[in-house]
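Novice: Supplied in structure tokens, the structure appears directly below.
The values are calculated or read from the model by the stated rules, or taken from the named source; none is laboratory data. Predicted model, so just to flag it, every value in this text is computed and none were measured. Note that we place each Cβ from the backbone using ideal geometry, even for glycine, and neighbour counts take in every protein chain shown.
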Amino acid sequence: MTEGEAAPAAVTEQGARNLLLRVMAALVLAPLAIAIAYAGGWLWSGLVMLAAIGLYVEWLMIVGTTRPMRGGAAGVVALAAAGFCLGSGRGTAALLVLAAGFAGVASTSAERRGWTAAGFCYAAAAEMASMLLRLDQVWGFVALIMVLLVVWGTDIGGYFAGRSVGGPKLWPRVSPKKTWAGAIGGFAASLVISAGFAAFGIGGIGPLLLLGAALSIAAQLGDLFESAVKRRFGVKDSSHLIPGHGGLLDRLDGFVAAVVLAAIFGLLRGGVDGVGRGLMVW
């Protein structure tokens with residue numbers, strides 16, 4: 001076997017190993033996330049708070065803030081305090097804490113201040129949206145599962161459609177591996193999931209299909225946004241925290257965009273106390 005023939009075999013083997021790691025990690029993490037989402041309360045609040053802090057820390061690592069204590073500490077403390085306030089049902093206090101945290105981040109981080117502040121806003125939006133969506137005691141869990149399944153379906157459908165069909169690249173300058181076939185495959189998977197919710201009597205088929213489509217598009221844009229940030233700073237993975245997936249940002253980029261959009265929809269239709277109902281009841 002020549003060196004040229006061995007190289008593709010090695011690449012194929014590495015891809016198979018990476019897929020196996022992704023599947024194994026997903027089989028552990030997905031049921032755990034669903035169980036904690038179902039439990040709600042402080043378990044969910046604690047998980048979201050830790051995830052938000054992790055997102056912020058990884059963002060600082062990506063943008064190359066070599067002295068994160070200057071602005072990073074203020075952001076971490078603010079995200080932790082806001083998570084406690086949200087878990088206690090003190091939404092106004094959480095907003096005030098996050099506003100103070102943003103002021104601290106913006107004023108104390110002299111190094112790449114704009115990027116540091118943007119990362120804090122990103123993590124804070126994810127934290128607020130995830131907790132508000134689960135707040136509704138009747139519809140919160142259903143709404144959260146809808147978002148999770150659509151995001152996961154978009155990711156899985158996009159992965160297999162992109163690998164099996166290939167074709168033109170979606171945005172090669174930002175994400176060289178993503179194809180139009182993958183984007184369409186992920187979008188189609190989200191519609192199937194939305195139709196499944198309608199089949200179980202969760203809501204009307206039309207509104208749920210539109211909701212699933214919007215969430216899928218948001219998830220894919222969120223993925224591209226994170227890829228653009230990493231490419232801007234020459235980073236491949238946000239970290240190596242999750243085997244086969246990279247870091248929290250790599251795994252949650254689509255979810256962050258989708259859950260923020262879902263929370264906005266829910267707030268507009270159901271108010272602060274009925275975000276889940278506002279999202280799911282049409």
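Novice: Take the conditions in contact with a Ser or Thr (Cβ under 8 Å, 6 or more places away or on another chain), assigned to a helix (DSSP H, G or I), surrounded by 15 or more Cβ atoms within 10 Å (Cβ to Cβ) and small (Gly, Ala, Ser) and apply them to ALA189. Does it pass?
Specialist: Values: in contact with a Ser or Thr (Cβ under 8 Å, 6 or more places away or on another chain): yes; assigned to a helix (DSSP H, G or I): yes; surrounded by 15 or more Cβ atoms within 10 Å (Cβ to Cβ): yes; small (Gly, Ala, Ser): yes.
Considered against the rule, which asks whether it is in contact with a Ser or Thr (Cβ under 8 Å, 6 or more places away or on another chain), assigned to a helix (DSSP H, G or I), surrounded by 15 or more Cβ atoms within 10 Å (Cβ to Cβ) and small (Gly, Ala, Ser), ALA189 comes out as yes.
Novice: Residues that are without any contact (Cβ under 8 Å) to a residue 24 or more places away in the chain and assigned by TED's automatic domain parsing to the domain that holds MET146: does segment 209-226 have at least one?
Specialist: Yes, because at least one residue in segment 209-226 is without any contact (Cβ under 8 Å) to a residue 24 or more places away in the chain and assigned by TED's automatic domain parsing to the domain that holds MET146.
Novice: Follow-up. Scan segment 227-250 for residues that are without any contact (Cβ under 8 Å) to a residue 24 or more places away in the chain and in a helix (DSSP H, G or I) and jot them down. Reasoning before the result, please.
Specialist: Filtering segment 227-250 for residues without any contact (Cβ under 8 Å) to a residue 24 or more places away in the chain gives 232, 234, 236-237, 240, 246.
Scanning segment 227-250 gives a single hit, ARG232.
Novice: Then there's this: Tell me which residues, restricted to segment 208-255, are at pLDDT 85 or above, under 15 Å from ALA25 (Cβ atoms) and among the polar types (S, T, N, Q).
Specialist: Listed by number, the list is empty, since nothing qualifies.
Per-residue answers, yes or no, for (1) modelled with pLDDT of 95 or more; (2) surrounded by 13 or more Cβ atoms within 10 Å (Cβ to Cβ); (3) assigned by TED's automatic domain parsing to the domain that holds ARG90; (4) closer than 30 Å to ALA117 by Cβ:
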residue	(1), (2), (3), (4)
GLN14	no, no, no, no
ARG17	no, no, no, no
LEU29	no, yes, no, yes
GLY46	yes, yes, yes, yes
ARG67	no, no, yes, yes
GLY71	no, yes, yes, yes
VAL76	no, yes, yes, yes
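Novice: Here's a follow-up. Determine whether segment 263-273 contains at least one residue that is on the phi > 0 side of the Ramachandran plot, among the small types (Gly, Ala, Ser) and touching a helix residue (DSSP H, G or I) at 6+ places or on another chain (Cβ under 9 Å).
Specialist: Yes, that holds for at least one residue.
Novice: Evaluate the following for GLY196: is it at pLDDT 95 or above and farther than 24 Å from ASP237 by Cα?
Specialist: yes
Novice: Working only within segment 262-282, note down all residues that are more than 17 Å from GLY203 (Cβ to Cβ) and buried (at least 21 other Cβ atoms within 10 Å of the Cβ).
Specialist: The one that is more than 17 Å from GLY203 (Cβ to Cβ) and buried (at least 21 other Cβ atoms within 10 Å of the Cβ): ALA263.
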